[in-house]
Structures are given as structure tokens and as C-alpha cells.
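These notes concern the structure reproduced below.
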Amino acid sequence: MSYYSPTIQKLVEAFERLPSIGHKTAVRLAFHILDADEKEIEEFTGAIKNAKDNLKFCSKCYNISDTDPCQICGNVKRQPNIICVVEDVRDVVAMERTHEFKGMYHVLHGSISPMNRIGPDDIKIKELLQRIQAEKVDEVILATNPKVEGEATAIYLSKLIKPLGIKVTRIAHGIPVGGDLEYTDEITLMKALEGRREM
């Protein structure tokens, strides 16, 4: 039973459909919106509409951008011979925050997951292969997530790309800085051992 009017309940339910938003947070957001003045509401809804109307996929790397090509693909200072393959647009942002990677990206928009009926044809693998064959690429860095699906995708891509004579590397996974060994799971420890380096 809802204690709110049907209009408020509908607003709460709309917020609950957003990822990671539970009922209490949805209620707080709904009442925040109701308490906001008209100008704030117009700016908020305008920002959502603007994003939906103006953002597009880069035709080269499939990142989300205002422009095509995106700012990264259009930057002549980047290294076009190195492509970092990621699962999601948010992964590009995470990599860029390091200020270390100076190459290009390719966003797959997912990972291979037979349990979820997602196969190689459902993500941007064909586009990656076309790009590799059309451009002079020396290295492909596989930066898919260290989960079963991400590992499966990395192995699949490696088997497709290596025969083309292109260097294929995988980002290292392991124990986070500040982490304790006793609380680290076996897979993370295994990856940390595999990715060890000489000091």
C-alpha cells in the first residue's frame, strides 16, 4: 500500500528504475524535485533532453560524444597505433583519469555472456576487426573487466587478433593498493601472481 498520492508514487517509481536507486533514495529524490523551483526543474529536464538529443556514438571508437569523431579520436596528439579495448563508455573515463594512456580506444558496449544470450555479434567486435585491418595498429590492449564475461571476451579477441600479427596485451589485475592479502579472494590473488614484475 502506498502512502503517497498516485502522482508522487509514479515519480518515486520512475526514480526506482534508475540503477542503484532504492526506495528510500527514490523518495528523497522525488521530494527534492517537488521542493525545487521552476528554473531548477527546467534546467534538470533540459539537461536530460539535451543529452538525449545531442549525444551520439563516435563512428570510429563507439564512445559517446557531442561530436563525430569524438574528442579522443580527433586529437592528433594521441597515438593511433595503440588501441585500448574496453567494455563500456565509463571505462574510457576511468582510463583517462590516470593521465597515462595516450592511445585510442574501442568501446565494445558489453562483453560476451552466453548466459545472458550476448554473443560476439551483439557487441562491437566486428567493428574492432574492421578498424584494425583498415588502420596501422601495432598493439591492442584488452582492458575488459576481470569477471568471467570480461575474461572470456579478452580470450576471444586475443584469438582473433593475434593471427593478424598484432601485439595483444591484457591489463594486469591484482590486489588494490591498501588491500590486505587475508581479505583478497583467490582469483584476485591468482591474477596478482600472474601479473607480478621484477623489482
When (1) in contact with a strand residue (DSSP E or B) (Cβ under 8 Å, 6 or more places away or on another chain); (2) at pLDDT 95 or above; (3) open to solvent by 40 Å² or more (accessible area, probe 1.4 Å) are applied to Asp121, the one that fails is (1)
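Here are Thr184, Thr188, Thr169: which of them is polar (S, T, N, Q) and under 19 Å from the mean Cα position of the chain (by Cα)?
Exactly one of Thr184, Thr188, Thr169 is polar (S, T, N, Q) and under 19 Å from the mean Cα position of the chain (by Cα), namely Thr169.
Could you list, in sequence order, all residues of the range 110-147 that are assigned to a strand (DSSP E or B) and out of contact with any Lys or Arg (no Cβ under 7 Å at 6 or more places or on another chain)?
Ser113, Ile118, Val140, Ile141
Within the range 148-185, track down each residue that is among the small types (Gly, Ala, Ser) and assigned to a helix (DSSP H, G or I). First the steps, then the outcome.
Just the residues of the range 148-185 that are among the small types (Gly, Ala, Ser), to begin with: 150, 152, 154, 158, 165, 172, 174, 178-179.
Gly150, Ala152, Ala154, Ser158 - these are the residues of the range 148-185 that are among the small types (Gly, Ala, Ser) and assigned to a helix (DSSP H, G or I).
Can you find, within the range 86-109, the residue that is surrounded by the fewest Cβ atoms within 10 Å (Cβ to Cβ) among those that are among the hydrophobic types (A, V, I, L, M, F, W, C) and in a loop (DSSP other than H, G, I, E, B)?
Restricting attention to the range 86-109, the residues satisfying the condition of being among the hydrophobic types (A, V, I, L, M, F, W, C) are 86, 89, 92-95, 101, 104, 107-108.
So of that shortlist, the ones also in a loop (DSSP other than H, G, I, E, B) come out as 101, 108.
On the way: Phe101: 17, Leu108: 23.
Ranking the qualifying residues of the range 86-109, first place goes to Phe101.
With the structure loaded, tell me whether Leu129 is more than 19 Å from Cys70 (Cβ to Cβ), touching a residue at least 24 places away in the same chain (Cβ under 8 Å), crowded, with 18+ Cβ neighbours inside 10 Å and not β-branched (Val, Ile, Thr) or whether it fails that test. Walk me through how you get there before you give the answer.
Values: more than 19 Å from Cys70 (Cβ to Cβ): yes; touching a residue at least 24 places away in the same chain (Cβ under 8 Å): yes; crowded, with 18+ Cβ neighbours inside 10 Å: no; not β-branched (Val, Ile, Thr): yes.
Criteria not met by Leu129.
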Determine which member of the set Ile112, Ile72, Ile83 is open to solvent by less than 40 Å² (accessible area, probe 1.4 Å), touching a helix residue (DSSP H, G or I) at 6+ places or on another chain (Cβ under 9 Å), modelled with pLDDT of 95 or more and more than 24 Å from Ala152 (Cβ to Cβ).
Ile72
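In a loop (DSSP other than H, G, I, E, B), at pLDDT 95 or above and touching a strand residue (DSSP E or B) at 6+ places or on another chain (Cβ under 6 Å): does that describe Tyr62?
Details: in a loop (DSSP other than H, G, I, E, B): yes; at pLDDT 95 or above: yes; touching a strand residue (DSSP E or B) at 6+ places or on another chain (Cβ under 6 Å): yes.
In short, yes.
The values are calculated or read from the model by the stated rules, or taken from the named source; none is laboratory data. For clarity, every value in this text was computed on a predicted model and none was experimentally measured. Cβ atoms come from the backbone with ideal geometry, glycine included; neighbour counts cover every protein chain shown. Only protein heavy atoms, including side chains, enter the accessible area calculation; ligands, DNA and RNA are left aside. Shrake-Rupley method; radii C 1.70, N 1.55, O 1.52, S 1.80 Å.
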